[in-house]
Structure formats: C-alpha cells, structure tokens
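Below is one structure, written out as structure tokens; the observations come after it.
The values are calculated or read from the model by the stated rules, or taken from the named source; none is laboratory data. None of the values given here were measured: they were computed from a predicted structure. Virtual Cβ from ideal backbone geometry, glycine too; neighbours counted across all protein chains shown. Heads up: the accessible areas ignore ligands, DNA and RNA and are worked out on the full protein's heavy atoms, side chains in. Shrake-Rupley method; radii C 1.70, N 1.55, O 1.52, S 1.80 Å.
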Amino acid sequence: MNKLAFFTLLCVSGVFFALDTPAQVTPQTSTGNPRGSLTSGTIDSQFIYLSRISRTEEDFKLIRRRNLDIIRQNVADSLDMLRKEAADTRGQIPVLSNEIAGLKDSLSITKQELENVLQSERTTSFFGIRLPTMTYHLIVWGLIILLIILLSYSLIKMGQNNVTTREAKNTLDNLQAEYDQHRKKSLEKEQKLMRQLQDEINKGNT
C-alpha cells in the first residue's frame, strides 16, 4: 500500500509540472464549475478528482487500481500526443528554415531594387552622363537663366537698333526734304536766270 501511494505521489508531482494540457473539453455543470472526471479535463484536474474520490487512511490515499490505470493511460496518451506534436514541430523546422531563407532572399532582392530606385532618383541622365540630381538641376537652371539673359540682351539690342533705324530714317527723310527744297530753289533760280538772259537777248535784238 505504501509503494502504491508513493508511486501515485510521484506521478502527481511529475505531471503537474509537465502536463497541464487539456485532453478534451471538460463538461460543465449548471453552476459553471467543472465536474470531476478521470477521462476528461486536464491531467491536473484528473489527479485532483482521483484524490477526491479516493479514500483517505491516515496520511495516505487508497486508490483503486482501475482508476490508477486510467490515469496512467491518460498520462501516456498525453505524452504520446506531446511527442507527436514535438515530432511534427521538428519536421516543420526544415520547411520553415527554407521559407525563412526564401524570405531573406526576397528581402535582399527587394532591398537591392529599392537601392536602385533610390539611386535612380538621386541621379539623372544628362546627354548620357549620370549626374547627381542637384547638379542636373543647377545645370538646367543655369542654362535657363543664361537663355533669359541672352534673350533680354537680344531684345534690348533689337530695341536700340529700332531706335537707331528710326533716327537714321528720320535723318534721311530730312536730308531728302532739304535736298528737294534746295533742288527746287536751284531750279527756280536757274529758270529765273534763263528768263533774264532771254530778256537781255531780246533787248539786244531790238
């Protein structure tokens, strides 16, 4: 009897630390408290129920062999389930390792693509030469400012030339007018002299 109680205490101590997983859903009473059972609930609750239904004699529990066999089988089943879950987990490790390696490769490719995109954004092709974007902007704005200066200079020179042309044309028109007036006066003077000469000739003939 002492050996049986000692074995029971060892089983309780070992299972309390390692096997507190439920074997199945524990039936509920109308008050919400779980009913004790040797075939359902956690291993811990099964041992508690076994202790409750076992007769106490002095400091020992008298456990029926059938109940002890049930608990032992439950413990063995739980251990088998845990071993199976552990084996399944170990079997998934290579698959997960391959997936992690694939994700690392994808991440590396994505980082490289992102770096290429950032590099493309940081540089710009200018006549086939890759230049930093800031340098490209400075060159473009420098050319724009230079064109604006040249255009302004051309417009100013064109305006000055137009003024010079108008002044030259006015001067030419004035000279032409003076020349016409002088020619007209010369012609009138010449005609006057011709008339006087003709009058003198006429006088000499008479």
Checking residue 185 against (1) open to solvent by less than 100 Å² (accessible area, probe 1.4 Å); (2) assigned to a helix (DSSP H, G or I), only one condition comes out false. Which one? (1)
Restricting attention to the stretch 36-55, which residues are in a helix (DSSP H, G or I) and of a type outside the set (D, E, K, R)? 43, 45, 46, 47, 48, 49, 50, 51, 53
Counted residues, the stretch 31-81 - those being open to solvent by less than 30 Å² (accessible area, probe 1.4 Å) and β-branched (Val, Ile, Thr): 4
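I need the full set of residues from the stretch 168-182 which are hydrophobic (A, V, I, L, M, F, W, C) and open to solvent by less than 90 Å² (accessible area, probe 1.4 Å), in order please.
Looking only at the stretch 168-182, we keep the residues that are hydrophobic (A, V, I, L, M, F, W, C), and these are 168, 172, 175, 177.
The answer is 168, 177.
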Show the residue pairs meeting these rules: Cβ distance below 8 Å; 6+ apart or different chains; first residue within the stretch 48-69 and within 18 Å of residue 37 (Cβ to Cβ) and at pLDDT 80 or above; second residue open to solvent by 100 Å² or more (accessible area, probe 1.4 Å) and not aromatic (Phe, Trp, Tyr). 54/64
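Name the residue, out of 200, 121, that is in contact (Cβ under 8 Å) with a residue 12 or more places away in the chain and of a type in the set (Asp, Glu).
Working: 200 fails: in contact (Cβ under 8 Å) with a residue 12 or more places away in the chain.
Just one listed residue meets the conditions, 121.
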When you go through 122, 183 one by one, which is the residue that is touching a helix residue (DSSP H, G or I) at 6+ places or on another chain (Cβ under 8 Å) and either among the charged types (D, E, K, R) or at pLDDT 90 or above (or both)? 122
